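Visitor: Sharing a structure, written as structure tokens. Questions coming.
The values are calculated or read from the model by the stated rules, or taken from the named source; none is laboratory data. None of these values were measured; they are calculated from a predicted model. Backbone-built Cβ (ideal geometry, glycine too); neighbour counts: all protein chains shown.
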Amino acid sequence: MADGLFYNDLREPFLTVAPTAVTLAATAKALYTASNFPVLGGQYFSRPGKKIMIRLFGQITTGITPGNGSFNVYYGSGADATGVLLMTGTPVALTASQTNLSWYAEIYVSCRTTGSAGTLFCDGWAKFNEAVLAGGVFLPASAPAASGACDLTAANIISVQYLRSGSTAETMQVVDMEVTALN
């Protein structure tokens, strides 16, 4: 007498080689390419409540003046700062002159309404090595809301991106990634 046949499904492709490190900028930079993300296909978010989890583990290097950094999540082609913005993280101060220190993020995206003008809801959290950022951050830090209109009939991806406000060359690299269909 189950209330439905729901299951978790780890999606391919699986990373066998870490994507190239991304040099951060004042505009959002995609942390992985579209080819590193599972093909969802059009109509993937075909019912309210359909949800996926993206788990990322990586490394970050900061320069002398890294400024603040924040995660953004887009629904679109996977190109830098392109698509419908699902979530903007609050900028947090990064510590200068750190090399290849670990970070972790979990992002959840669920369908609220369907169709060519559907909406998605995005939340999650991230944690960095204490030498880079003390404590974890909620994504978003406040005022979570459903996205603007998304064409959920299109074959787009969820693109986790990062931006920083500093003036030096910081880099981030994803070294492990899981995308799991939660239902």
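Visitor: Given region 113-183, what strands (runs of 3 or more DSSP E) lie entirely inside it while holding 3 or more residues that are buried (at least 17 other Cβ atoms within 10 Å of the Cβ)?
Guide: Hits in region 113-183: 119-128, 157-164, 171-181.
Visitor: Okay, moving on. If only one of Thr99, Thr168 is at pLDDT 95 or above and not hydrophobic (A, V, I, L, M, F, W, C), which one is it?
Guide: Thr99
Visitor: Still on this structure: What residue, among those in region 58-86 that are among the aliphatic types (A, V, I, L, M) and in contact with a Cys (Cβ under 8 Å, 6 or more places away or on another chain), is surrounded by the most Cβ atoms within 10 Å (Cβ to Cβ)?
Guide: Result: Val73.
Visitor: Do you know which residues across region 93-107 are touching a Leu at 6+ places or on another chain (Cβ under 9 Å) and surrounded by 19 or more Cβ atoms within 10 Å (Cβ to Cβ)?
Guide: Result: Leu94, Trp103, Ala105, Ile107.
Visitor: Quick one: how many residues across region 9-41 are touching a Leu at 6+ places or on another chain (Cβ under 9 Å), assigned to a loop (DSSP other than H, G, I, E, B) and either farther than 25 Å from Gln161 by Cβ or at pLDDT 90 or above (or both)?
Guide: Residues in region 9-41 being touching a Leu at 6+ places or on another chain (Cβ under 9 Å), assigned to a loop (DSSP other than H, G, I, E, B) and either farther than 25 Å from Gln161 by Cβ or at pLDDT 90 or above (or both): 8 in total.
Visitor: Only residues in region 124-139 that are polar (S, T, N, Q) count as the first member; pair them with residues that are assigned to a strand (DSSP E or B) and buried (at least 16 other Cβ atoms within 10 Å of the Cβ), Cβ under 9 angstrom, at least 6 apart or cross-chain, and list the lot.
Guide: Asn129/Gln59; Asn129/Ile60; Asn129/Leu101; Asn129/Trp103
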